[in-house]
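Everything on this sheet refers to the single structure shown next.
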Amino acid sequence: MFIIGDTLVSLDVLEKEFCCHLDVCKGCCCIEGDAGAPISEEECREVEKILPVLLPEMTKEARAVVEKQGISYLDPSGERVTSIVNDKDCVFARTDKNGWCYCLIEKAYNAGKIDFKKPISCHLYPVRVSQLPEGTRSTDSSVPRFALNYHRWDICHCARVLGKKEHIKLYEFLKEPLIRQFGQEWYDELCLTAQEWEKQCKQK
C-alpha cells in the first residue's frame, strides 16, 4: 500500500485495469446486492433537499419505502446506506424499457435540475473509502486516517475486460470522483506515485 496525504491506498487502485462497460452490464450495480450504497449524514441532508425533484420519477414501491423509513437506514454492520426496495434495488434506481438501469439523482444532475451528482460511494465504485479504527490513527497529519481499497464484484467482470483492452488503470478511470473526494493536489500525487511504481516494476 502507499500513503497519499492521510490515506492508505491499496496497490490494486494503481495496478488493476477497469472501465465500466454499460453496454454489457446495463448498470446492474444499482440493483444487485443485499444493501444500499453507503451514504454520509451530510449526503443524506443533500438528498433530502432535492427529494421533491426525485419523488415524481421514483417507482411507487420506492416512494412507499422512503415514506416508511426515509432515504437511508443502518445496515447490520451499523453503516448508513441508501434505502432499497425488495431487499435489492436502490430507491433511486430506475430501469428503462431496454433493461438499462440508471440513477435518478445523476439523471437530474445531468439535466441541470440539481447540483448534487450522487453519493460519493456510488461515484467512486469499485473503490471503497473506509475510516481507519481509532487505534490506528491520530490527529497527527502524518498518520493515515482513511483507507482506499478495490472492491472486486463478479458483475463487474466486463469492466475488467474492457479496462484491460483499453489499458485504463482504476485510478485513471476514477479520476473525476477521486478529485471530488480528495482534491486535485492529492490526485496529482497519486498519479506520480503510480508512474514511479510502474517504472520500478518494469525495472525488475
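A few remarks follow.
- Count of the stretch 58-76 residues which are in contact with a strand residue (DSSP E or B) (Cβ under 7 Å, 6 or more places away or on another chain), open to solvent by 40 Å² or more (accessible area, probe 1.4 Å) and part of a helix (DSSP H, G or I): 1
- Residue within the stretch 30-43 that is hydrophobic (A, V, I, L, M, F, W, C), surrounded by 14 or more Cβ atoms within 10 Å (Cβ to Cβ), outside any loop (DSSP other than H, G, I, E, B) and in contact (Cβ under 8 Å) with a residue 24 or more places away in the chain present: yes
- In the stretch 63-79, the residues that are touching a residue at least 40 places away in the same chain (Cβ under 8 Å) form Cβ pairs under 6 Å with partners that are surrounded by 13 or more Cβ atoms within 10 Å (Cβ to Cβ) and not aliphatic (A, V, I, L, M), at six or more places apart or across chains, as follows: Glu79/Pro38.
- Ile179 fulfils the conditions (1) open to solvent by less than 30 Å² (accessible area, probe 1.4 Å); (2) without any contact (Cβ under 8 Å) to a residue 60 or more places away in the chain; (3) out of contact with any Lys or Arg (no Cβ under 8 Å at 6 or more places or on another chain); (4) of a type in the set (Val, Ile, Thr) except for a single criterion, (1).
- Verdict on Gly112 being assigned to a loop (DSSP other than H, G, I, E, B), of a type outside the set (D, E, K, R), free of Cβ contacts under 8 Å to residues at least 12 places away in the same chain and over 30 Å from Ile4 (Cα atoms): yes
- Failed item in (1) loosely packed, with under 12 Cβ neighbours inside 10 Å; (2) within 30 Å of Thr95 (Cα to Cα), with Pro133 passing the rest: (2)
The values are calculated or read from the model by the stated rules, or taken from the named source; none is laboratory data. Since the structure is predicted, the reported quantities are computational estimates derived from the model, not experimental observations. Backbone-built Cβ (ideal geometry, glycine too); neighbour counts: all protein chains shown. Heads up: the accessible areas ignore ligands, DNA and RNA and are worked out on the full protein's heavy atoms, side chains in. Shrake-Rupley method; radii C 1.70, N 1.55, O 1.52, S 1.80 Å.
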